[in-house]
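Notes to accompany the following structure.
The values are calculated or read from the model by the stated rules, or taken from the named source; none is laboratory data. Please read these numbers as outputs of a predicted model, since none were measured by experiment. Positions of Cβ are generated from backbone atoms using ideal geometry, with glycine treated the same way; all protein chains shown enter the neighbour counts. With ligands, DNA and RNA removed, areas are computed over all heavy atoms of the protein, side chains included. Shrake-Rupley method; radii C 1.70, N 1.55, O 1.52, S 1.80 Å.
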Amino acid sequence: MDEAPLLSIKNLRIAFPIQVADGYSDLFVVNDVSLNLGAREIMAVVGESGSGKTTMALATLGLIPSPGCIKNGKILFNGLDLLTLDKKTTRHYRGNRISIIFQDPTTALNPTLTVGDQILEAYILHNQNSYIKVQELVIDLLVKVGINDPKRIFDSYPHQLSGGLRQRAIIAMALICKPELLIADEPTTSLDTTIQAQILDLLLDLQEQFGMSILFISHNLALVSQFAHKVAVMYAGKIMEILPAKDIVNKSVHPYTKGLLGLLPSIETRGQVLPSLPGSLSEEDVLSLGCPFANRCPSVKEICHVECPSLSSPTTRHQFACHAVPTINELL
Amino acid sequence: MNDTNLPIVVVSNIVKRFYNRKPGTIGRNSWVIEALKGVSLQIRRGEIVSVVGESGCGKSTLAKSIALLLRPDTGTISINGTATNSLSRNDLRSLGQKIHLIFQDPYSSLNPRLSAGDIIMEPLIIQKVGSRGDRINSVVHALSDVGLRPSDFNKYPHQFSGGQRQRIAIARALVSNPDLIIADEPLSALDVSIQSQIINLLMDLKKKRNLTYLFISHDLSVVSHVADKVIVMYKGHIIESGPAESVFRTPLHPYTNLLISSTPELGKNKRKLCAQRVVDIELGNDKNFACLFYKHCHKASEICHFQTPSPDSESFLTDEHWAKCHFPGHVQPKMQNSS
Ligand SMILES: Nc1ncnc2c1ncn2[C@@H]1O[C@H](COP(=O)(O)OP(=O)(O)OP(=O)(O)O)[C@@H](O)[C@H]1O
Ligand SMILES: Nc1ncnc2c1ncn2[C@@H]1O[C@H](COP(=O)(O)OP(=O)(O)OP(=O)(O)O)[C@@H](O)[C@H]1O
Ligand SMILES: [Mg+2]
Ligand SMILES: [Mg+2]
């Protein structure tokens with residue numbers, strides 16, 4: 001892809017203060033992350049629970065919860081740095097040109113308003129149309145996200161919905177303005193496989209028809225390998241590997257990515273103890289100067305404990321940050 | 001009492017309705033929804049029973065009913081041989097202590113004013129187990145079991161990621177040492193590494209403590225690994241039930257088949273995932289068909305229109321594995337002209 005990326009995150013660092021023996025110190029939960037998302041592109045972000053995926057997503061819309069703060073970096077949307085925008089302009093982008101499907105349903109939905117009114121409001125904030133027209137639009141979209149009694153859902157309060165219905169209402173709210181960039185944080189975790197497939201089809205339709213780009217955060221490697229163009233793998237606030245999604249099974253090189261792929265349960269693994277990665281991520285690993293995965297890595301070298309590998313050049317299709325893997329040039 | 005084959009939970013024919021009536025409005029905004037339309041099941045001690053099914057089909061409602069948090073409108077639930085319909089609130093509460101429900105939503109189910117450590121410790125305090133020191137020990141132990149750090153003890157829920165909150169809820173269930181854990185999508189926000197660690201832990205506890213689980217999940221790969229028995233629900237009904245291997249290898253109901261075949265597979269690059277749409281575009285008028293799956297079923301025939309399928313002889317694969325379908329598994333309807 002030669003054209004300028006739609007979204008370009010450059011050297012982003014986000015920290016939360018943590019208590020240490022002598023006062024406070026910064027814990028970087030997003031640590032020097034750079035990635036490019038092209039127009040019409042679908043990039044999946046997978047990785048450790050707690051590796052900073054949600055925090056990175058929230059940063060694009062200026063929604064980092066305090067006391068977290070951005071220490072460094074840029075987030076360019078169509079070349080414009082979102083981090084320098086004032087509140088009013090950010091609000092213009094939010095929900096309209098960039099929208100987000102929150103992982104946490106409680107931040108997305110107001111418990112005191114009906115679901116229909118909330119989706120409607122999201123539309124009216126940025127567009128003008130008659131109430132009846134917008135209501136039709138909303139009902140229509142609710143059907144598209146797989147809801148078969150949209151009138152009831154429209155008039156329901158969030159607590160009256162099942163987990164998956166609520167999740168679909170949030171998806172509808174994010175899509176109602178046909179954003180250029182959709183950030184979807186675990187959007188299908190409460191959906192059964194048939195509805196999940198239907199929603200992904202809808203997203204693909206929107207991506208094709210309106211050129212929407214999607215940053216898709218998920219833990220489901222199988223899903224990601226089928227749905228996305230590219231996959232970024234995160235661990236402890238860092239990107240470990242970025243590669244074309246279809247290559248994840250056969251061409252991934254990072255020990256962490258390869259480790260994850262070997263862990264999936266299935267009917268064939270019944271009765272067996274599942275393999276898991278040895279050890280766990282400790283605070284020292286995060287604060288260490290070396291690679292945060294070093295203490296759990298099967299191919300660890302001495303250098304890994306003292307120097308953190310950097311991600312190879314963003315122009316290559318396959319990037320990874322690992323001392324133990326020969327560079328692409330050496331591979332050729 | 002030492003009969004271990006006695007089921008720990010017996011649910012017979014429960015119906016649960018929710019009403020929505022806005023004060024002052026007649027008709028327009030009011031509706032009744034029947035979330036459970038006559039559900040019966042048994043859970044035996046030491047068994048992992050998994051409930052899968054359409055989003056909104058009543059799984060969480062079933063979970064809350066068995067956890068004694070919702071009272072069904074009709075039907076009965078017995079726990080350890082005690083019918084719960086006529087129990088007083090106090091008796092219900094003491095019976096309920098042996099059942100632990102992990103809620104579906106890890107965001108709103110944790111008390112935001114308590115630290116992670118206190119949330120996990122709460123059941124121990126309620127049950128008056130051990131000294132404060134013992135309790136802290138068990139909590140620290142549970143934290144490491146679910147892949148969290150001892151330093152997480154003093155953090156509050158909002159300081160955790162989605163998956164970390166889910167693990168706090170799991171740790172809380174583990175320390176409370178119940179007979180039955182009802183887990184509603186307990187692993188949905190976890191990466192595969194933590195997920196496999198926790199699956200191993202749950203399986204281990206099942207062996208060691210003879211724990212019983214009711215495990216609700218949309219992730220069929222996880223279910224096929226852990227479950228002894230699978231129950232498939234659709235629109236408030238159980239439509240198929242059987243031993244996990246049998247259900248996954250030879251599904252009987254077309255809906256089960258559809259669920260299994262829509263599961264994404266690693267490394268297969270098919271851009272369009274969904275071949276078959278399962279949504280009624282006409283609004284909610286499926287009441288007219290005897291079989292609820294009629295409109296989406298490629299096998300639907302005349303009989304499905306007017307006769308409700310029941311698990312009668314033709315729908316059995318074995319005694320244990322049955323489905324509510326006139327044409328289960330490979331049984332095909334006779335060709336007929338539909339006009
Ligand atoms: N308000 C906060 N205060 C302190 N630490 C926080 C806060 N919010 C998040 N964190 C920490 O930041 C890290 C990254 O969190 P984030 O929610 O971005 O993870 P994630 O990758 O989305 O994980 P998951 O897959 O579990 O949702 C976590 O370790 C979390 O504990
Ligand atoms: N308190 C309530 N008031 C009104 N309706 C409710 C209430 N709780 C649940 N419902 C409705 O009952 C139906 C079943 O809900 P339930 O939460 O049991 O579904 P579920 O199978 O758990 O779905 P999911 O997989 O999406 O979590 C849904 O249509 C839901 O909207
Ligand atoms: Mg997250
Ligand atoms: Mg539910």
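Can you list the HN-Hα couplings for segment A:53-68, worked out from phi with the Karplus curve (6.51, -1.76, 1.60; θ = phi - 60°), rounded to whole Hz and with x for Gly and Pro?
5, 5, 4, 4, 4, 5, 4, 4, 10, x, 10, 4, x, 5, x, x
Nearest 10 degrees is fine. How inclined is helix A:193-210 to the longest principal axis of chain A, computing both from alpha carbons?
Once rounded, one gets 80 degrees.
Taking only Cα atoms, what is the 0 to 90° angle, nearest 10, from helix B:162-175's long axis to the longest principal axis of chain B?
Roughly 70 degrees between the two axes.
Evaluate peptide A:39-49: per residue, the Cβ atoms of other protein chains within 10 Å of its Cβ; return the mean as an integer.
3
So what is the 222 nm mean residue ellipticity for the protein assembly as shown from helices alone, if each DSSP H run of at least 4 adds -39500 (n - 2.57) and you divide by all residues, rounding to the nearest 500 deg cm²/dmol?
Helix contribution divided over all residues of the protein assembly as shown: -8500 deg cm²/dmol.
Please report the base-10 log of the normalised intensity I(q)/I(0) for chain A, using a Debye sum with one equal scatterer per alpha carbon and no solvent, at each q in 0.07 (1/Å).
Each listed q corresponds, in turn, to -0.31.
What is the distance, in nm, between label points placed 7 Å from the Cα along the Cα-to-Cβ direction at residue A:159 and at residue A:87?
3.0
Mind grabbing the interface size between B and A? I mean buried accessible area, both sides, 1.4 Å probe, in Å² to the nearest hundred.
Accessible area lost upon association: around 6000 Å².
Could you look at chain B and say what percent of its accessible area is carbon and sulfur, using a 1.4 Å probe and all protein chains?
That fraction is 51 percent.
Once phi is turned into ³J(HN,Hα) by the Karplus curve 6.51 cos²θ - 1.76 cosθ + 1.60 with θ = phi - 60°, what whole-Hz value does each residue of segment B:176-181 show in order, with x for glycine and proline?
Along segment B:176-181, the couplings run 6, 6, x, 7, 10, 10 Hz.
Using the eigenvalues of the Cα gyration tensor, what equivalent ellipsoid semi-axes result for the protein assembly as shown when each is taken as the square root of five times the eigenvalue, whole Å, largest first?
Ellipsoid semi-axes (Å, largest first): 39, 31, 26.
Got a sec? What order do B:176, B:221 fall in by accessible area at 1.4 Å, biggest, i.e. largest, first?
Ranked list, largest accessible area first: B:221, B:176.
What residues have an amide H closer than 5 Å to that of residue A:30, excluding those fewer than 5 places away on the same chain, when H is modeled at 1.01 Å from N in the peptide plane?
Distant-sequence amide H within range of residue A:30: A:14.
For each pair in A:230/B:59; B:98/B:235; B:16/B:324; B:16/B:334; A:88/A:151; B:128/B:206, compute the distance between the two Cα atoms and list the pairs where it is over 31 Å.
In this structure, A:230/B:59; B:16/B:334; A:88/A:151 exceed 31 Å between Cα atoms.
Between residue B:205 and residue B:118, what FRET efficiency comes out of the Förster formula 1/(1 + (r/R0)^6) with R0 = 25 Å and r the beta carbon distance, rounded to 0.05?
0.65
Per residue and in cubic angstrom, what volume does the convex hull of the Cα atoms of chain B have?
It is 188 Å³ per residue.
Which far-off residues, 5 or more places away or on another chain, put their amide H under 5 Å from the one on residue A:62, with H placed in the peptide plane?
none
Ignoring ligands, DNA and RNA, what accessible area per residue does the protein assembly as shown give at 1.4 Å, in Å²?
It amounts to 44 Å² per residue over the protein assembly as shown.
Using protein chains only and a probe of 1.4 angstrom, how many square angstrom of residue B:325 are accessible, to the nearest 10?
So the heavy atoms of residue B:325 present about 20 Å² to solvent.
Taking H as built 1.01 Å from N, whose amide H comes closer than 5 Å to the amide H of residue B:102, not counting residues under 5 places away?
B:182, B:183, B:184
Once both labels are modelled 7 Å past Cα along the beta-carbon direction, what's the residue A:18-residue A:132 spacing in nm?
Computed distance between label sites residue A:18 and residue A:132 equals 5.9 nm.
Rounded, prolate or oblate: pick one for segment A:190-245, where a ≥ b ≥ c are the square roots of the eigenvalues of its C-alpha gyration tensor, a/c under 1.5 means rounded, and failing that, prolate if a/b is larger than b/c, else oblate.
It comes out oblate by the Cα gyration axes.
Indicate, rounded to the nearest 5 percent, the antiparallel portion of the DSSP beta bridges found entirely in segment A:169-267.
So the antiparallel bridges in segment A:169-267 amount to around 55 percent.
Rounded to the nearest 5, what % of the DSSP beta bridges within the protein assembly as shown are antiparallel ones?
Of the beta bridges lying entirely in the protein assembly as shown, close to 60 percent run antiparallel.
Simple spin-label model, 7 Å along Cα-to-Cβ: residue B:334 to residue A:306 in nm?
Distance between label points: 8.4 nm.
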